[in-house]
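The values are calculated or read from the model by the stated rules, or taken from the named source; none is laboratory data. This one's a predicted model, so the numbers in the text were calculated from it and none came from an experiment. Quick reminder, even Gly has a Cβ in these numbers, built from the backbone with ideal geometry, and neighbours come from all protein chains shown.
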Amino acid sequence: MTDKSQSGLQFSEILKDPSLLEKQELAIGLVSMDDLVRTAVGVHPYAVAEPDKLTESQQQAVLARVGDNEIPAEWYVTTLTKILVSAAQKAQGKPLRVRLSGGDSHRRNDLLGSELEAAEVNPLIGLRGVSRFADKAHRKSFDLECEIIKRARNAEGMTNIELVIPFVRTFSEAATVIDLLAEQGLCRGAQGLKVHLMCELPANALMAEKFLPYFDGLVVDVDQLGQFALGLDQEHPSLNYLHDDQNESVLLLVRQALKAAESTGKICEIVSHYIQQAPKLQKWLLEHDVKTVISQ
């Protein structure tokens, strides 16, 4: 069951921690693989994909976390697969949209074995999303992430699991990620698999009609759109006063995405972490026939 605000909007949640699954009336709007790795695993994907690249002391630290009798990669896949299966079961046949890992490298710094990932000067616009999936240094990690999805969908029969692809910069990257998924046995359309675009870059919204042929729908992150449209860093406390999901330029981008989805007959979900403090945005969304919002 979704929570309902005074405005009339229905709210669902982003699954970031498996402990949320204990809530009896949990409406999952989106699953964040980045956050599940952080809360349920605590080990950097590179460290489980290629533990031989770690120092001996780092390897011992990973084994202490994993358990001496388990292979790190198998432990990683099994742990996250179980969480996705539980979430898909809780969804009771409704789509469970899983956002693949797409956060910037800075958000993985606190994970065990993070030393294996190269430091970036500006991680916010660095090797993220599809560019990271396609990078040779990341491919083994991407393989593990795909294995998690495959096991949950195929071995456990949770075919209501759908994918959401973050940080797709260009049409070429859109085609690339569909090909990369197919190479891993996750063919869009096979066994009903749907693949959605995480619309978080202004280019995604402005050119949504041209991005949508590669995808089955949009998941619009209003906060991320605002961040890039207004040139903000959400982690910079001195810029907090500039964050505004109700800014006209941001709303124009969201409107463009909504129109593209409507014209192509595809779904368009809205994500907003600050929706509770944005009455103007709530009213605007209702005026544009948006009834549900994914929030924290």
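Of all residues in region 146-158, at least one satisfies being in contact (Cβ under 8 Å) with a residue 60 or more places away in the chain, within 15 Å of Val48 (Cα to Cα) and not aliphatic (A, V, I, L, M). If you go through region 102-120 one residue at a time, how many are assigned to a loop (DSSP other than H, G, I, E, B) and more than 15 Å from Phe133 (Cα to Cα)? The total comes to 6. Evaluating Thr159 against the criteria (1) at pLDDT 95 or above; (2) under 16 Å from the mean Cα position of the chain (by Cα); (3) of a type outside the set (A, V, I, L, M, F, W, C); (4) not in a helix (DSSP H, G or I) leaves one unmet condition, (2). Scanning region 127-138 for residues that are crowded, with 16+ Cβ neighbours inside 10 Å and in a helix (DSSP H, G or I) returns Gly129, Val130, Ser131, Arg132, Phe133, His138.
Within region 261-285, residues that are farther than 24 Å from Leu212 by Cα reach partners that are modelled with pLDDT of 95 or more and surrounded by 16 or more Cβ atoms within 10 Å (Cβ to Cβ) with beta carbons closer than 6 Å, at six or more positions or on different chains, in the pairs Ile275/Val293. Out of curiosity, is Val48 modelled with pLDDT of 95 or more and in a helix (DSSP H, G or I)? Spelling it out, Val48 is indeed modelled with pLDDT of 95 or more and in a helix (DSSP H, G or I). Look at Gly67 and say whether it is modelled with pLDDT under 95 and surrounded by 20 or more Cβ atoms within 10 Å (Cβ to Cβ). No, not satisfied. The set of residues from region 148-180 being farther than 21 Å from Ile267 by Cα and not charged (D, E, K, R) comprises Ile148, Ile149, Ala152, Asn154, Ala155, Gly157, Ser172, Thr176, Leu180.
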